[in-house]
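Have a look at the structure below before the remarks.
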Amino acid sequence: MPRSLRVAILITTVLLFYLAWKYVVPELLVILNFLLTVLTPFILAVIIAVLIEPMVRFLHQVCRINRSLAVGLSMLVVIGGAGALLTLLVLRLAVELSELSVRLPQYMGPLQAEINRLVEKGKIFYFHLPPLVTERIQENMGTFTGWLSHVAGSLAGSLFHFITSLPNALVAIIVALIATYFLSRDYQLIINLWLKTAPEPWGQRVVEVSRRVVGASFGYLRAQSFLVTLTTIQSIVGLYIIGAKYSLTVGLLIGLFDIIPVLGPATIYIPWAIWSFFTGQIAFGVKLVVLYLLVWGVREVLQARVVAASLGLHPLAVLVAMYVGLKAIGVVGLVLGPLTLIALQAALGTIKPLNHR
């Protein structure tokens, strides 16, 4: 092949890749987002159905219970157990928040005094500044005030959207539960129908890939649940050891923020430590920093290894997939990256046997 033709093919390939990345991929992401929004109840139903399938199979095959009844009992145990655990956590949080609300005025007095002292110092410092500097400060304060107004408006809009979306969420949950029941009850029937409809051998291959991806998804969720639980336990125990009040409430809040990759435990630890230094609690601030570094270090060391062990992949491959996913589509890519890698691995694993047939 002539060198000029190879160069032309290379340039054309790069150009097509750029155009696809620039114009096609964003449209596909919009379509994917729409499909995920519409199909959320059914995706949730599939997840719950796969989750309760071992229990359903045990009740049906070992205990000789009708499958429909086994599905109902399994849903009651799993969903009811999760609801009971959530209720206990909420009740415990309510107790600690109630105690905090009683003691909050005790903390607000010194806080208000400290703020007033800083304001007075700021006034003295401000009036001794050159006019040019004060004008610049006023301009920045105007910009800051506008930003605060924008943030407040955004928060109010988000809150309104959340409240108005509650009825739709309730409908989605009901649809998901009904779909879970039928999916779980007719699980084998649905698989057999697909195998009869799809051409051989692709029907069986698609089922195999789907099972691997679903298994990998649950493995990823188990890994993340383990990491979040570890962070929460470390935080609760660590805060209790260093003498922090309301260690359970704050530890659970840290665990909640740990679920969100953009925020993480630093959202709680760093401002808390800064405030401790600012108010003269130097020793407590140092303890918070040390505790945060411990929590952060343990998670960073274990994350790639735990996720890789759960997915059956090399830690470096998982790390690359998470990074590429993050850069490509944002935070969601941290989850979709490894799952896409699993899907590709499963697809290649099923295609190889086809090539030998």
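I want to check the label-to-label distance for A156 and I282. Put each point 7 Å from Cα in the C-beta direction and report it in nm to one decimal.
Distance between label points: 4.4 nm.
Would you give the gap between the C-alpha center of region 7-56 and the C-alpha center of region 277-308, rounded to a whole Å?
First find each Cα centre; the distance between them is then 36 Å.
Taking a ≥ b ≥ c as the square roots of the eigenvalues of the Cα gyration tensor of region 11-89, is the shape rounded (a/c under 1.5), prolate (a/b larger than b/c) or oblate? It would help to have the intermediate numbers written out before the result.
Numbers: a/c = 4.33, a/b = 2.65, b/c = 1.64.
Prolate shape, in that a/c is at least 1.5 and a/b is the bigger ratio.
Measuring from the lowest to the highest alpha carbon on each principal axis, how far does region 198-280 reach, largest first, in angstroms?
Principal-axis extents of region 198-280 (Cα, largest first): 73, 22, 13 Å.
What is the diffusion coefficient of region 151-205 in µm²/s, taking the Kirkwood radius over Cα pairs and the Stokes-Einstein relation at 25 °C with a viscosity of 0.890 mPa s?
On the way: Rh = 14.6 Å.
Answer, rounded: 168 µm²/s.
Quick note: the coordinates plus some simple rules give every number you see, no bench work behind them. What you see is a predicted model; the values in this text were computed from it and never measured. Cβ atoms come from the backbone with ideal geometry, glycine included; neighbour counts cover every protein chain shown.
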